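Below is one structure, written out as structure tokens; comments come after it.
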Amino acid sequence: MFSYDLKDLSVLVVEDVDHFRELITTILKTLEIENVFEARDGLEAMEVIKGSPLDFIFMDWKMSGMDGIECVRMIRKGHGLSGPYVPVIMITGHAEDEFLRQAKDAGVNEVLIKPISARSLLSCFIRVLERKNVFVNSEAYFGPDRRNVNLPQEQQEERRTAQRFLELPEGDARAKISDGSAD
């Protein structure tokens with residue numbers, strides 16, 4: 001049974017196809033998320049990001065103007081009120097390894113392959129929200145740790161030679177989620 005209280009989250013849906021954007025928005029509102037913003041491309045998304053603190057972003061990849069990859073790179077550089085740590089799920093119809101690698105290299109938290117269902121969107125959303133809050137900051141990359149962060153502590157320490165790992169700040173979207181299950 002779904003037991004999260006998501007109503008106070010602010011979520012942005014960036015999708016250039018009206019029908020698909022409305023579908024994602026409808027799914028999110030069904031989860032009782034009250035603050036769902038919409039944008040048609042990366043440029044509109046940056047306007048929303050600059051003007052509204054967000055807790056989560058669903059971003060299409062292929063859009064005219066500024067595409068999703070370029071927009072994610074700007075987000076990870078700290079453009080906007082949400083800061084560089086806002087979780088981003090990239091939505092794409094491209095399941096090839098090269099596309100997935102490009103999305104991860106840009107700093108997305110997760111990739112959701114089209115066509116999607118309410119169940120696949122919710123599953124991906126919850127997976128990102130529950131994931132350990134570790135970001136990597138190196139000369140070549142800033143974003144969520146792309147490797148398995150559920151390793152034993154001693155193995156994680158061995159990986160840290162050339163990178164600095166950052167815990168997400170207090171007040172991150174994932175900290176806002178409360179478990180509504182009864183004890």
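State yes or no: is residue 52 under 15 Å from the mean Cα position of the chain (by Cα) and surrounded by fewer than 23 Cβ atoms within 10 Å (Cβ to Cβ)? Considered against the rule, which asks whether it is under 15 Å from the mean Cα position of the chain (by Cα) and surrounded by fewer than 23 Cβ atoms within 10 Å (Cβ to Cβ), residue 52 comes out as no. Residues in the range 5-25 include none that are in a loop (DSSP other than H, G, I, E, B), surrounded by fewer than 21 Cβ atoms within 10 Å (Cβ to Cβ) and among the hydroxyl-bearing types (Ser, Thr, Tyr). Restricting the range 26-35 to residues that are open to solvent by 80 Å² or more (accessible area, probe 1.4 Å) and touching a Lys or Arg at 6+ places or on another chain (Cβ under 9 Å) leaves a set whose member that is nearest to residue 71 (Cα to Cα) is 34. Each residue in the range 26-40 was checked for being over 16 Å from the mean Cα position of the chain (by Cα), outside any helix (DSSP H, G or I) and charged (D, E, K, R), and 3 of them qualify.
The values are calculated or read from the model by the stated rules, or taken from the named source; none is laboratory data. Small disclaimer: the values here were computed from a predicted structure and weren't measured. Glycine gets a Cβ as well: all are built from the backbone with ideal geometry, and neighbour counts include every protein chain shown. With ligands, DNA and RNA removed, areas are computed over all heavy atoms of the protein, side chains included. Shrake-Rupley method; radii C 1.70, N 1.55, O 1.52, S 1.80 Å.
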